[in-house]
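Following: one structure in structure tokens, then a few remarks.
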Amino acid sequence: MIVIVDYGVGNLKSIRNMLQKAGASAVISSEHSVIDKADKIILPGVGAFDAAVANIEKLNLRETLVKKVRRDRVPFLGICLGMQMLGSKSEEGASTGLGLIEAEAVRFNFHENRDNLKIPHMGWNTIKVKKEGQLFRDLPEEARFYFVHSFHLQFEDKTNIVCTTDYGYEFISGIEQDNVFGLQFHPEKSHRFGLKVLANFAELT
């Protein structure tokens with residue numbers, strides 16, 4: 001069973017619908033008893049970092065989520081803001097992330113004059129696959145994905161970067177570290193390409 005964590009943010013139903021289209025069983029829940037039985041977990045996210053962390057804390061979900069990742073070793077996928085929350089902190093706020101990976105979120109910073117590039121980075125873009133990752137298995141070469149974000153992760157361990165995207169400069173758009181996965185784009189908004197990524201996640205063992 002895949003549990004999509006409901007902590008007040010994210011495109012929950014869109015993610016569930018995509019997973020169901022891929023033939024996977026998924027539920028939306030914030031209940032500890034449900035999350036504790038999960039075989040896989042998805043942490044979606046839109047909005048501000050501090051507000052999202054505050055919602056996690058209000059529901060007392062931090063310990064449960066960390067336990068599922070570190071003790072139970074279930075596959076755990078963070079999407080967009082959910083990916084940024086995998087790290088320790090963000091330039092967007094003062095709250096502490098889940099600390100599941102050694103990374104932090106930083107705001108886009110265009111040092112050169114790029115008047116045509118706006119923040120947030122919004123719309124369709126491609127990825128550059130850096131290494132074979134489980135989520136990108138059998139993905140078409142022309143794959144493109146939908147992004148909406150002003151921040152992105154900086155990740156010290158380059159070996160765990162599976163894809164990057166160019167927007168003013170190259171930034172990390174996908175990571176895999178053991179059973180922890182992160183996607184900066186929204187697979188639930190990325191049509192057949194996002195469907196394939198979510199199907200690959202659902203098939204993980």
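The values are calculated or read from the model by the stated rules, or taken from the named source; none is laboratory data. Computed from a predicted structure; not experimentally measured. For neighbour counting, all protein chains shown are included, and Cβ atoms are generated from backbone atoms with ideal geometry for every residue, glycine included.
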Inset, instruction - Starting from the stretch 181-193, take each residue that is at pLDDT 95 or above and buried (at least 24 other Cβ atoms within 10 Å of the Cβ) and list its partners that are small (Gly, Ala, Ser) and not in a strand (DSSP E or B), counting only C-beta distances under 8 angstrom and pairs at least six apart or across chains. - result: GLY182/GLY82; PHE185/GLY194; PRO187/GLY194; GLU188/SER14; GLU188/GLY194
Legend entry - Any chance SER90 is closer than 30 Å to TYR169 by Cα, among the polar types (S, T, N, Q) and touching a strand residue (DSSP E or B) at 6+ places or on another chain (Cβ under 7 Å): yes
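Residue-by-condition table, conditions (1) among the hydrophobic types (A, V, I, L, M, F, W, C); (2) closer than 23 Å to GLU156 by Cα; (3) surrounded by fewer than 19 Cβ atoms within 10 Å (Cβ to Cβ); (4) touching a residue at least 24 places away in the same chain (Cβ under 8 Å):
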| site | (1), (2), (3), (4) |
| --- | --- |
| GLY8 | no, no, yes, yes |
| LYS13 | no, no, yes, no |
| GLY23 | no, no, yes, yes |
| ASP36 | no, no, yes, yes |
| ASN55 | no, no, yes, yes |
| ARG73 | no, yes, yes, yes |
| PHE76 | yes, yes, no, yes |
| LEU81 | yes, yes, no, yes |
| SER95 | no, yes, yes, yes |
Inset, instruction - Need at least 1 residues that are among the hydrophobic types (A, V, I, L, M, F, W, C) and closer than 19 Å to SER14 by Cβ per element, so show me which helices (runs of 4 or more DSSP H) inside the stretch 39-149 make the cut, counting only ones lying wholly within it. - result: 49-58, 81-84
Inset, instruction - Would you confirm whether any residue within the stretch 147-167 is within 23 Å of LYS40 (Cα to Cα), surrounded by 18 or more Cβ atoms within 10 Å (Cβ to Cβ) and in contact with a Cys (Cβ under 6 Å, 6 or more places away or on another chain)? - result: no
Legend entry - Near pairs, Cβ below 6 angstrom, 6+ apart or cross-chain, from the stretch 99-116 (farther than 15 Å from GLN177 by Cα and among the small types (Gly, Ala, Ser)) to any residue that is modelled with pLDDT of 95 or more and crowded, with 17+ Cβ neighbours inside 10 Å: ALA105/GLN84; ALA105/SER90; ALA105/PHE151; ALA105/LEU153
